[in-house]
Amino acid sequence: MNLSHIPLRTAVGAYFLNSGLSKWNLEGEAAEGMYGMAVGAIPALKRFAPGAFARLLAGSEIAIGVGLLLPVVPSALMGTGLIGFGGGLLRLYWATPGMHQPGDLRPTQQGAALAKDVWLVGAGLTLVLDDMFNRGRRAGRKIGRKVR
């Protein structure tokens, strides 16, 4: 892990861990509301019961949070997780009526809470790209040393 990733990974990891832990015991109306919104955007999620979906979502957030906080987990892997999770939230934003202006990406007042999740995709891309480019530079330096 690159030392410059520590602030990003710590902030996002703590956020995800807290979010997952707060959802872990969701039941009843809270789980059903979250489930209903998700199924409206991604119909394939209908195969899960609301409680099981809430537990799966919470577990995913906990796993991403812990992975980000553990420096032994590669940044590119965690970045890929953030891109996938953030992409799912942006899909939810785009597919849920009333979240954005008609035919426009700009959020409505109700959609602002979901639209802001674009930062997850940006953070994920930063981790993946930085890890890829730094890995390439390190490999180039190793090759250069061997040639001399």
Worksheet item: Say we look at the range 113-134 and pick out the residues that are at pLDDT below 90 and touching a helix residue (DSSP H, G or I) at 6+ places or on another chain (Cβ under 8 Å); which of these is nearest to residue 34 (Cα to Cα)?
Response: 114
Worksheet item: Of everything in the range 25-73 that's assigned to a loop (DSSP other than H, G, I, E, B) and within 17 Å of the chain's Cα centre (by Cα), which residue is surrounded by the most Cβ atoms within 10 Å (Cβ to Cβ)?
Response: 73
Fill in: Inter-residue pairs, beta-carbon under 7 Å, first under 12 Å from residue 91 (Cβ atoms) and in the range 36-49, second not in a helix (DSSP H, G or I), 6+ apart
37/96; 40/96; 41/96
Discussion item. Residues to consider are 92, 120, 114; find the one that is buried (at least 17 other Cβ atoms within 10 Å of the Cβ), touching a Ser or Thr at 6+ places or on another chain (Cβ under 9 Å) and of a type outside the set (D, E, K, R).
Written reply: 114
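The values are calculated or read from the model by the stated rules, or taken from the named source; none is laboratory data. Remember, predicted model here, so these are calculated numbers, not experimental data. Cβ sites come from the backbone with ideal geometry, for glycine too, and all protein chains shown count toward neighbours.
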